[in-house]
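The values are calculated or read from the model by the stated rules, or taken from the named source; none is laboratory data. For clarity, every value in this text was computed on a predicted model and none was experimentally measured. FYI the Cβ positions are ideal-geometry reconstructions off the backbone, even for glycines, and counts take in every protein chain you see.
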Amino acid sequence: MEKLSSQIMVHVTDETREQLSALALIEGLTASEYARNLINGHINERKTEYRSMQKVFGGNCATYAAAEDLSVNLHVKQLITSFGGQAKTAAVLGVAQATVSGWLNGTHGMHAVTAIKSERLTDGDVLAVDLCPRLKELDSAA
């Protein structure tokens, strides 16, 4: 996550960077730490919303599945950002750029092995189970 928040700080405008730095100073954090906290907060808010949707619509509902897909999409975006774009992500993971695009737009899911490789290459900033929800079945089988 540190790498991702640092990359985000590189890609924002000077004005936004200054604003983030000022807010971080108030909180006693570095700008990268503050950005990381914002990202984590956003992801946690989405997870809470998805859990609420699951309670309302049931675990097997297509509406919940769509929300789960959105959650995976957020993590795929995080993965792509951490590697510096779709082409670089594809190169690092040894897949075609079209495959990365497919993960991003939900055309197909990520293979479990690729998800685990992604987690290792991002030093755990992006979790395999978030990229490949089928891996959750391993937790429940243990």
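Kindly list, by first and then second residue, each pair from a residue in segment 95-118 that is without any contact (Cβ under 8 Å) to a residue 40 or more places away in the chain to a residue that is of a type in the set (D, E, K, R), limited to pairs with Cβ atoms under 6 Å and residues at least 6 apart or on different chains.
From residues that are without any contact (Cβ under 8 Å) to a residue 40 or more places away in the chain, the pairs are G106/D69.
Going residue by residue through segment 107-121, is there one that turns out to be closer than 24 Å to R36 by Cβ, at pLDDT below 70 and under 13 Å from the mean Cα position of the chain (by Cα)? First the steps, then the outcome.
Taking segment 107-121 and keeping what is closer than 24 Å to R36 by Cβ, we get 110, 115-121.
Right, trim to at pLDDT below 70 and you get none.
There is no residue in segment 107-121 that is closer than 24 Å to R36 by Cβ, at pLDDT below 70 and under 13 Å from the mean Cα position of the chain (by Cα).
Out of all the residues in segment 93-125, which are of a type in the set (D, E) and crowded, with 16+ Cβ neighbours inside 10 Å? Break it down stepwise before answering.
Of the residues in segment 93-125, the ones of a type in the set (D, E) are 119, 123, 125.
E119, D125, listed by residue number.
Scan segment 101-142 residue by residue and report those that are within 16 Å of S82 (Cβ to Cβ) and not in a helix (DSSP H, G or I). Can you show your working first?
Within segment 101-142, the first condition is being within 16 Å of S82 (Cβ to Cβ), and the residues that meet it are 103-104, 110, 114-128, 130-131.
Listed by number, the residues that qualify are M110, T122, D123, G124, D125, V126, L127.
Of (1) in a helix (DSSP H, G or I); (2) at pLDDT 80 or above; (3) surrounded by fewer than 18 Cβ atoms within 10 Å (Cβ to Cβ); (4) under 17 Å from the mean Cα position of the chain (by Cα), N40 satisfies all except one. Which?
Looking at each condition in turn, N40 falls short on (2).
Checking the condition modelled with pLDDT of 90 or more, buried (at least 18 other Cβ atoms within 10 Å of the Cβ) and not basic (K, R), which residue from A90, A128 passes? Before you say what the answer is, go through the steps one by one.
On the way: A128 fails: modelled with pLDDT of 90 or more.
After applying the criteria, what remains is A90.
Could you check, for segment 89-100, whether at least one of its residues is in a helix (DSSP H, G or I) and within 25 Å of N37 (Cβ to Cβ)? Spell out the reasoning first.
Narrowing segment 89-100 to residues in a helix (DSSP H, G or I): 89-93, 97-100.
Adding the requirement that they be within 25 Å of N37 (Cβ to Cβ) leaves 89.
Yes, the conditions are met somewhere in segment 89-100.
On the basis of being modelled with pLDDT of 60 or more and among the polar types (S, T, N, Q), does S32 make the cut? Quick ask: steps written out before the conclusion?
Numbers: modelled with pLDDT of 60 or more: yes; among the polar types (S, T, N, Q): yes.
Spelling it out, S32 is indeed modelled with pLDDT of 60 or more and among the polar types (S, T, N, Q).
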